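Below: the structure, in structure tokens.
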Amino acid sequence: MTETARFDRPARLLHWTMAGLILAMLLIGVAMVTSLADYGALVALHRPLGILILLLAGLRLANRRRHAPPPLPADLPGWQKRAAHGSHILLYGLMLAMPLIGWAMLSAARYPVVLAGPLVLPPILPQDPMLYAALRRVHTALAYGLFAVILAHLAAALLHALVRRDGVFASMAPWRSAAPDAAPPGPPHRSLESLIRSP
């Protein structure tokens with residue numbers, strides 16, 4: 001049995017690190033809407049995490065250009081291959097666009113993007129309340145879109161892992177899938193004739 005082709009180690013590390021960060025960001029976003037008491041603390045956490053996701057998405061994209069991902073199974077239907085490629089393009093686009101639009105939105109409102117201590121990002125847009133309101137709506141809509149794409153991505157991963165078992169999930173798994181052990185050596189095969197003649 002040949003070993004399943006896998007994403008390289010940086011790609012797997014970036015994938016699972018970003019999965020945790022994006023999940024945390026979505027939960028923080030929900031909490032920001034539902035909890036006014038902790039709004040300030042959640043926003044202070046939301047902004048640097050978003051910039052970190054932007055940086056990691058750029059690194060991941062650069063790594064993907066240098067190290068091509070493993071090919072999809074040859075027997076995968078064409079529409080599923082096209083859906084996989086399309087969802088990856090959409091996912092990368094959202095991972096880059098969401099933080100940038102958030103940064104632009106805060107810039108338009110002249111809210112500081114504090115990363116840590118005195119480290120503050122400069123504004124990338126002029127102050128404009130109307131622009132802030134428009135970007136806020138776009139940021140919220142893209143957040144729902146990102147959530148939907150992640151659900152579709154998760155469903156596809158489970159399909160490959162539990163139903164098709166074609167190695168696609170194993171190619172990105174943080175652990176190395178153990179190859180099935182070879183059958184233990186049994187007694188030497190003897191023909192029926194030799195068994196009859198044996199004492």
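The values are calculated or read from the model by the stated rules, or taken from the named source; none is laboratory data. Everything quoted here is computed from the prediction, not taken from an experiment. Don't worry about glycine lacking a Cβ; one is built from the backbone with ideal geometry, like all the others, and counts go over all protein chains shown. The accessibility values were calculated without ligands, DNA or RNA, using every heavy atom of the protein model including side chains. Shrake-Rupley method; radii C 1.70, N 1.55, O 1.52, S 1.80 Å.
Laid out as a table, the results:
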read-out: Flag if residue 143 is at pLDDT 95 or above, small (Gly, Ala, Ser), on the phi < 0 side of the Ramachandran plot and open to solvent by less than 60 Å² (accessible area, probe 1.4 Å); value: no
read-out: Selected residue (criterion: farthest from residue 8 (Cα to Cα)) from residues of the stretch 159-176 that are open to solvent by 90 Å² or more (accessible area, probe 1.4 Å) and in a helix (DSSP H, G or I); value: 163
read-out: Long-range neighbours under 7 Å by Cβ, at least six apart or interchain, first residue surrounded by 12 or more Cβ atoms within 10 Å (Cβ to Cβ) within the stretch 120-135, second among the aromatic types (Phe, Trp, Tyr); value: 121/103; 124/103
read-out: Breaking point among (1) exposed (fewer than 15 other Cβ atoms within 10 Å of the Cβ); (2) within 21 Å of residue 145 (Cα to Cα); (3) modelled with pLDDT of 95 or more, for residue 57; value: (1)
read-out: Filter result (in contact with a strand residue (DSSP E or B) (Cβ under 6 Å, 6 or more places away or on another chain) and in contact (Cβ under 8 Å) with a residue 12 or more places away in the chain) within the stretch 104-118; value: 106, 113, 114
